[in-house]
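Quick notes on the structure that follows.
Read-outs throughout are calculated quantities, based only on the coordinates presented, and are distinct from any laboratory measurement. Nothing here was measured: the structure is a model prediction, and the numbers come from that model. Positions of Cβ are generated from backbone atoms using ideal geometry, with glycine treated the same way; all protein chains shown enter the neighbour counts.
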Amino acid sequence: MSNIFVRSPFIIEIDEVGQTESKVELFIWNTGSQPSQPQYVLTKPIPASNNTQTTYNVSPLIREYITFATRQNPYNSTGVSNTSQRANVVIKTYKFTGTYTLLDTLTYTAFDGYGYYNDGYNYDAGDYHLNEGTYYYYLAESSNPSSNTNERGGFVRFLANSGDYRRYTELNTGLQSSSGLTAGWVDLPRLFPTYYDNGNLLEILDAGNNVLASWIFKPIEECKYETVVCDFVNRYGSWQREWFFKASQNTLNIESIDYNLMQQDLVNYDVLEGQRKSFNTNGKEQIKVNTGWVDESWNNTLKQMMLSERILVNDLPVKLNTKSQELLKHINKNLINYTLDFEFTCDIINSVV
């Protein structure tokens, strides 16, 4: 089974000798078994008798079946990856030479991710949806990572195969905890609860004890500033959690419509009434955050965050107003800190109608 990342085009090509047209049937579903009838049937005639190639971009159609209305499972338990955040896809291709002939039946899992231009077309970003590397989380006063949302480290989403298992290693003591995994897409907590204070190495291993993927998660104890937690949908179409550790500033912006007010009495008007009045007054809030000192490898996280279409800051929806950012290098700067501006995408006064 392969993966489709639907923020990039996914091209189906049908080019058969003698065909006069082609057909694609798309079966798309989130849970349960494959539908008996396709959700979409696409057909195209060939451009010319000497050019029989027909192509279809199916990504926009599949993307309609993927949503991020809800977040991940509770952060303190392993669970099956949220089925609304991925889609099962079967693609059947046909050629027409007087009658339709089935050419192929292909099975995929689709995610709201993307490939980069230099990855080429129909790029499969793989089964591990967090880049391997070192990540940091806020070490709160409580050592119980399940006691408060802002104390939890986040998830790693990946496809577990039969016989795979996970292994946590405490960074200071070397203590380990291992257990098997159920085959399928899994949301696995980054942190093992009793290793929360010092952090841990997380490894995914196969039945032969070969390490398939690994990540390091380290705590940072911030005593001076109020930390800010950011959840965003990364390039793999998976939630990713990051922290901003240094100074943050909140800004309140008020919007209203003003009009000139007609006085109730032009001869003996009330001086407390005024000549102008506002209506539809509401407000929006912005927050400016600082990452704190980060490694050059954080540039990859920054790129994915800036390209994300779904971001939460402190559990509220935001858009990123920072549209340009120099990607700093340690060779040029001894220390790297990024400043980002977010705008909360909800009015302060409820205006949902």
>> Given an 8 Å cut-off on Cα distances and at least 6 residues of separation, report the relative contact order of segment 198-353 as a percent.
In response: 22 percent
> Around Ser278, what is the net charge, scoring Lys/Arg as +1 and Asp/Glu as -1 over all other residues with Cβ under 12 Å from its Cβ?
Replying inline: 0
> By a straight-distance test (C-alpha under 22 Å), which lysines pair with Lys95 as possible cross-link partners, with residues fewer than eight away in the same chain excluded?
Replying inline: Lys23, Lys44
> If we sort 187-197, 172-182, 268-278 on the protection proxy, mean other Cβ atoms within 10 Å, highest first, what's the order?
Replying inline: 187-197, 172-182, 268-278
>> Using a Gaussian network model on the chain with a 10 Å cutoff between Cα atoms, which of Leu106, Leu266, Leu302 fluctuates the most?
In response: Leu266
> Nearest 20 debye, what's the magnitude of the dipole of the chain about its Cα centre given +1 on Lys and Arg Cβ and -1 on Asp and Glu Cβ?
Replying inline: 400 debye
> Per the helix-only calculation at 222 nm, which mean residue ellipticity applies to the chain, given -39500 (n - 2.57) for every DSSP H run of n ≥ 4 and division by its residues, nearest 500 deg cm²/dmol?
Replying inline: -1000 deg cm²/dmol
>> Given an 8 Å cut-off on Cα distances and at least 6 residues of separation, report the relative contact order of the chain as a percent.
In response: 13 percent
> Tally Lys and Arg at +1 and Asp and Glu at -1 over the other residues with C-beta under 15 Å from the C-beta of Met262: what net charge comes out?
Replying inline: -2
> Of all DSSP beta bridges in the chain, what percent run antiparallel (nearest 5)?
Replying inline: 90 percent
>> With a 10 Å cut-off between alpha carbons and a GNM built on the chain, which of Ile254, Ile11, Ile204 moves the most?
In response: Ile254
>> Need the list of lysines near Lys288 for cross-linking: C-alpha distance under 21 angstrom, and skip anything on the same chain fewer than eight residues off.
In response: Lys224, Lys246, Lys303, Lys319, Lys323
> Which whole-number percentage describes the relative contact order of segment 243-302, with Cα contacts under 8 Å and a sequence gap of 6 or more?
Replying inline: 49 percent
> How much net charge surrounds Asn198 when only other residues with a Cβ under 10 Å from its Cβ are counted (Lys, Arg +1; Asp, Glu -1)?
Replying inline: -1
>> Can you tell me how segment 1-66 classifies by the Cα gyration tensor, rounded, prolate or oblate, using a/c under 1.5 as the rounded cut?
In response: prolate
> Rounded to the nearest 5, what % of the DSSP beta bridges within segment 127-221 are antiparallel ones?
Replying inline: 80 percent
> Which aspartates and glutamates, on any chain, are close to Lys92 with Cα under 12 Å apart, when same-chain ones fewer than 8 places away are left out?
Replying inline: Glu13, Glu25, Asp104
